[in-house]
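*Asks:* Quick one: the structure is below, and I'll ask about it shortly.
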Amino acid sequence: MIETKQLEHGFTYLDINNNHAHLKIALHGGHIFYYKPHNQEELLWTSQTSFYKEGKAIRGGIPICWPWFGKHPSDTTLPQHGFARISLWECVAVDKRDPNETTVTLELKHSKESLNIWPYRFKLTLMIIVNQTLTVSLTTHNNDTQAFIITEALHSYFHLDDITHVTVKGLENISYIDQLDHNTIKSSSQPLTIHKEVDRAYINTNNTLTLTYRNKTVTMISRGSSSTVVWNPWIEKSRQISDFHTDGYKEMLCIETANVYDNLISIDPQKSHTMEVQIITTL
Ligand code: TA6
């Protein structure tokens, strides 16, 4: 079943309930902000104090950072992480014929406003497939007459019961940019555990990562992505973020399927690029 509903704050969202999971996608940002496989806990974290208003991204779920990740390279007055996560997307297709699999396609196209801050004609297609797994696929089409460059991320916030019990595997011996230490390049031979603030961009990553906590394993299989960003703001930083609920840092970890820094993507006119992640949970 798929219904169009409204949050009390006024945002329109698609509410999908099939044989495998319950998922909510806001048209604001093309933003998945709720995902719960049946008989499991919510897999994505969303802040209890998130804003739901124009010009702000929902805090949690899967914000789409595009066409730049982080600060704009030359103009810091432009929105952090680009404009896709604060733009209104359109739902262009829904396939719900099979109760075991629902596919939703959203689109965002260039507009007068987008051309003012990013001077290229484009179409972004977000395809979301909910079956036993969740697949999120972001395709950038270059509809311009010149090539353009993007950086991007599916800034996924995973929901955990205790950050100190988490292990991330698949990033060992891969160079990362430590965004908390003057962008110094580092690496570690050990699986990643989190006991303090972390903000890292791993470059040239493998396409399979696992996140393990308690008795649960979440596997992320990516395609068209060469970077992985890992972020937890920990105590002090999370207190400075007004839409981050108190102690929320204990229950979340961002593991972001991305193309950032040297893994930027150049797309020629009339060509496209797809970045995708499939999220698989095993108990
Ligand atoms: O993905 C990591 C990061 O870029 C961090 O540096 C941190 O600022 C975070 O994203 C959240 O950014 P936001 O603009 O959503 O507050």
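*Asks:* Yes or no: Lys112 within 13 Å of the ligand (Cβ to nearest atom), among the charged types (D, E, K, R) and closer than 24 Å to Thr12 by Cα?
*Replies:* On the way: within 13 Å of the ligand (Cβ to nearest atom): no; among the charged types (D, E, K, R): yes; closer than 24 Å to Thr12 by Cα: yes.
The answer is no for Lys112.
*Asks:* Gln48 is checked against (1) under 23 Å from Arg214 (Cα atoms); (2) surrounded by fewer than 21 Cβ atoms within 10 Å (Cβ to Cβ) and fails just one. What number does that condition carry?
*Replies:* Against the list (1) under 23 Å from Arg214 (Cα atoms); (2) surrounded by fewer than 21 Cβ atoms within 10 Å (Cβ to Cβ), Gln48 comes up short only on (1).
*Asks:* Also, quick follow-up: Based on this model, can you work out whether Ile194 counts as touching a helix residue (DSSP H, G or I) at 6+ places or on another chain (Cβ under 6 Å), of a type in the set (Val, Ile, Thr) and surrounded by fewer than 21 Cβ atoms within 10 Å (Cβ to Cβ)? If you could, list the steps in order and put the result at the bottom.
*Replies:* On the way: touching a helix residue (DSSP H, G or I) at 6+ places or on another chain (Cβ under 6 Å): yes; of a type in the set (Val, Ile, Thr): yes; surrounded by fewer than 21 Cβ atoms within 10 Å (Cβ to Cβ): yes.
Yes: the conditions hold for Ile194.
*Asks:* Next question, about the same structure. Check Leu115, Leu78, Leu106, Leu160 and return the single one that is open to solvent by less than 10 Å² (accessible area, probe 1.4 Å) and closer than 23 Å to Ile265 by Cβ.
*Replies:* Numbers: Leu115 fails: open to solvent by less than 10 Å² (accessible area, probe 1.4 Å); Leu78 fails: open to solvent by less than 10 Å² (accessible area, probe 1.4 Å); Leu160 fails: closer than 23 Å to Ile265 by Cβ.
After applying the criteria, what remains is Leu106.
*Asks:* Further, regarding this structure: Scan segment 82-99 for residues that are part of a loop (DSSP other than H, G, I, E, B) and either within 19 Å of Thr257 (Cβ to Cβ) or within 16 Å of the ligand (Cβ to nearest atom) (or both) and jot them down.
*Replies:* Our first condition is that a residue be part of a loop (DSSP other than H, G, I, E, B); within segment 82-99, this holds for 83, 87, 89, 99.
Those that are part of a loop (DSSP other than H, G, I, E, B) and either within 19 Å of Thr257 (Cβ to Cβ) or within 16 Å of the ligand (Cβ to nearest atom) (or both): Phe83, Ser87, Trp89.
*Asks:* Would you be able to tell me the number of residues in segment 41-61 that are under 13 Å from the mean Cα position of the chain (by Cα), within 12 Å of the ligand (Cβ to nearest atom) and more than 11 Å from His28 (Cα to Cα)?
*Replies:* Going through segment 41-61 one residue at a time, the tally reaches 3.
*Asks:* Taking the options Pro119, Pro79, name whichever one is within 16 Å of the ligand (Cβ to nearest atom) and either modelled with pLDDT under 95 or not in a strand (DSSP E or B) (or both).
*Replies:* Pro79
*Asks:* How many residues, within segment 14-48, are within 21 Å of Ile255 (Cα to Cα) and outside any strand (DSSP E or B)?
*Replies:* Within segment 14-48, residues that are within 21 Å of Ile255 (Cα to Cα) and outside any strand (DSSP E or B) number 9.
*Asks:* Quick one: is Thr102 more than 16 Å from the ligand (Cβ to nearest atom), within 22 Å of Ile279 (Cα to Cα) and assigned to a helix (DSSP H, G or I)? Explain how you work it out, then say what you get.
*Replies:* Numbers: more than 16 Å from the ligand (Cβ to nearest atom): yes; within 22 Å of Ile279 (Cα to Cα): yes; assigned to a helix (DSSP H, G or I): no.
No, not satisfied.
*Asks:* Scan segment 179-198 and report the pairs whose first residue is more than 20 Å from Leu253 (Cα to Cα) and whose second residue is open to solvent by 70 Å² or more (accessible area, probe 1.4 Å), with Cβ atoms within less than 8 Å and a gap of 6+ or a chain change.
*Replies:* Listed pairs, sorted by first residue: Ser189/Asn173.
*Asks:* Additional query: Taking segment 248-283 as the region of interest, how many residues are modelled with pLDDT of 95 or more, of a type outside the set (A, V, I, L, M, F, W, C) and open to solvent by 30 Å² or more (accessible area, probe 1.4 Å)? Please lay out each step first, then the result.
*Replies:* Taking segment 248-283 as the starting set, the residues that turn out to be modelled with pLDDT of 95 or more are 248-280.
After this cut, where a residue has to be of a type outside the set (A, V, I, L, M, F, W, C) as well, the list is 248-251, 256-257, 259, 261-263, 266, 268-274, 276, 278.
After this cut, where a residue has to be open to solvent by 30 Å² or more (accessible area, probe 1.4 Å) as well, the list is 250-251, 261-262, 266, 268-274, 276, 278.
Number satisfying all stated conditions: 14.
*Asks:* Follow-up. What's the number of the only condition in (1) touching a strand residue (DSSP E or B) at 6+ places or on another chain (Cβ under 7 Å); (2) more than 16 Å from the ligand (Cβ to nearest atom); (3) of a type in the set (Phe, Trp, Tyr) that Phe69 fails to meet?
*Replies:* Unmet for Phe69, out of (1) touching a strand residue (DSSP E or B) at 6+ places or on another chain (Cβ under 7 Å); (2) more than 16 Å from the ligand (Cβ to nearest atom); (3) of a type in the set (Phe, Trp, Tyr): (2).
*Asks:* Quick check, is Thr125 under 19 Å from Pro37 (Cβ atoms), assigned to a strand (DSSP E or B), without any contact (Cβ under 8 Å) to a residue 60 or more places away in the chain and in contact with an Asp or Glu (Cβ under 6 Å, 6 or more places away or on another chain)?
*Replies:* no
*Asks:* Now for a different question. Consider Asn207 against the criteria (1) surrounded by fewer than 19 Cβ atoms within 10 Å (Cβ to Cβ); (2) at pLDDT 95 or above; (3) under 30 Å from Ile128 (Cβ atoms); (4) in contact with a strand residue (DSSP E or B) (Cβ under 6 Å, 6 or more places away or on another chain): it satisfies all of them except one. Which criterion is unmet?
*Replies:* (2)
The values are calculated or read from the model by the stated rules, or taken from the named source; none is laboratory data. Computed from a prediction, not measured in an experiment: that's the story for all the values here. Note: ideal-geometry Cβ built from the backbone for every residue, glycine included; neighbour counts use all protein chains shown. Side chains are part of the model used for accessible areas, which takes the heavy atoms of the whole protein and leaves out ligands, DNA and RNA. Shrake-Rupley method; radii C 1.70, N 1.55, O 1.52, S 1.80 Å.
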